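Asker: Here it is, the structure, as structure tokens.
The values are calculated or read from the model by the stated rules, or taken from the named source; none is laboratory data. From a predicted model like this one, the values you see are computed outputs, not experimental measurements. Cβ sites come from the backbone with ideal geometry, for glycine too, and all protein chains shown count toward neighbours. Side chains are part of the model used for accessible areas, which takes the heavy atoms of the whole protein and leaves out ligands, DNA and RNA. Shrake-Rupley method; radii C 1.70, N 1.55, O 1.52, S 1.80 Å.
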Amino acid sequence: QVQLVESGGNLVQAGGSLRLSCAASGSIFSIFVMCWYRQAPGKQRELVATLTSGGRTTYADSVKGRFTISRDNAKNTVYLQMDSLKPDDTAVYYCRAQNVWVVGGGPTDYWGQGTQVTVSS
């Protein structure tokens with residue numbers, strides 16, 4: 001079984017920065033895409049950023065130029081550096097690993113439990 005554990009969420013003032021981490025553990029052979037999503041109260045979960053094992057990135061328009069996704073393939077860890085934070089960035093941030101191959105089979109998708117980011121004005 002694969003587990004994703006996020007960390008780094010916190011309360012921060014507008015204009016500040018946070019760095020989220022998501023570590024994947026288990027008998028992992030490969031992970032094709034690692035993503036960050038977020039869900040604000042009363043809103044649907046939205047895709048924030050993706051990063052493939054080959055290094056291709058995508059970002060939601062609302063975070064382009066402010067957020068940076070990166071990964072350490074050797075550690076099966078993905079990061080989200082969030083700068084120039086705004087109150088609208090307040091949400092629970094979730095990590096997702098897509099097309100995961102483990103010893104014994106795949107591909108399967110996995111989600112983390114989420115980490116709260118609150119940006120005060």
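Asker: Please enumerate the residues belonging to segment 72-101 that are of a type in the set (Gly, Ala, Ser) and part of a strand (DSSP E or B).
Answerer: Residues of segment 72-101 of a type in the set (Gly, Ala, Ser): 74, 84, 91, 97.
Within segment 72-101, Ala91, Ala97 meet the criteria.
Asker: What number of residues in segment 107-121 are outside any loop (DSSP other than H, G, I, E, B), open to solvent by less than 50 Å² (accessible area, probe 1.4 Å) and in contact with a Lys or Arg (Cβ under 8 Å, 6 or more places away or on another chain)?
Answerer: If we filter segment 107-121 for residues that are outside any loop (DSSP other than H, G, I, E, B), which is where we start, we get 107-111, 115-120.
Remaining after also requiring open to solvent by less than 50 Å² (accessible area, probe 1.4 Å): 110, 115, 117-120.
Keeping just the survivors that are in contact with a Lys or Arg (Cβ under 8 Å, 6 or more places away or on another chain) gives 110, 117, 119.
So the count comes out to 3.
Yes/no per residue for (1) farther than 25 Å from Asn99 by Cα; (2) of a type in the set (S, T, N, Q); (3) part of a strand (DSSP E or B):
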site: Ser30; (1), (2), (3): no, yes, yes
site: Arg38; (1), (2), (3): no, no, yes
site: Lys43; (1), (2), (3): yes, no, no
site: Leu47; (1), (2), (3): no, no, yes
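Asker: Would you pick out the residues in segment 33-84 that are touching a strand residue (DSSP E or B) at 6+ places or on another chain (Cβ under 6 Å) and among the basic types (Lys, Arg)?
Answerer: Residues satisfying the conditions are Arg38, Arg45, Arg71.
Rundown of residues vs (1) within 30 Å of Ser121 (Cβ to Cβ); (2) touching a residue at least 60 places away in the same chain (Cβ under 8 Å), yes/no style:
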{"position": "Gly16", "(1), (2)": "yes, yes"}
{"position": "Leu20", "(1), (2)": "yes, yes"}
{"position": "Ser30", "(1), (2)": "no, yes"}
{"position": "Val33", "(1), (2)": "no, yes"}
{"position": "Asp61", "(1), (2)": "yes, no"}
{"position": "Leu80", "(1), (2)": "yes, yes"}
{"position": "Asp88", "(1), (2)": "yes, no"}
{"position": "Gly105", "(1), (2)": "no, no"}
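Asker: Does any residue of segment 56-71 turn out to be within 19 Å of Gly9 (Cα to Cα), assigned to a strand (DSSP E or B), open to solvent by less than 20 Å² (accessible area, probe 1.4 Å) and modelled with pLDDT of 95 or more?
Answerer: Yes.
Asker: Just need a number here: residues in segment 87-106 that are out of contact with any Pro (no Cβ under 8 Å at 6 or more places or on another chain) and open to solvent by 70 Å² or more (accessible area, probe 1.4 Å).
Answerer: The number of residues fulfilling the criteria is 3.
Asker: Considering only segment 29-51, state which residues are open to solvent by 30 Å² or more (accessible area, probe 1.4 Å) and of a type outside the set (Lys, Arg). I'd like the intermediate steps shown before the answer.
Answerer: Filtering segment 29-51 for residues open to solvent by 30 Å² or more (accessible area, probe 1.4 Å) gives 29-30, 32, 37, 39, 41-47.
Passing the criteria: Phe29, Ser30, Phe32, Tyr37, Gln39, Pro41, Gly42, Gln44, Glu46, Leu47.
Asker: Checking the conditions here, which among Ser21, Ser84, Ser25 is surrounded by 14 or more Cβ atoms within 10 Å (Cβ to Cβ) and not hydrophobic (A, V, I, L, M, F, W, C)?
Answerer: Numbers: Ser84 fails: surrounded by 14 or more Cβ atoms within 10 Å (Cβ to Cβ); Ser25 fails: surrounded by 14 or more Cβ atoms within 10 Å (Cβ to Cβ).
On inspection, the qualifying residue turns out to be Ser21.
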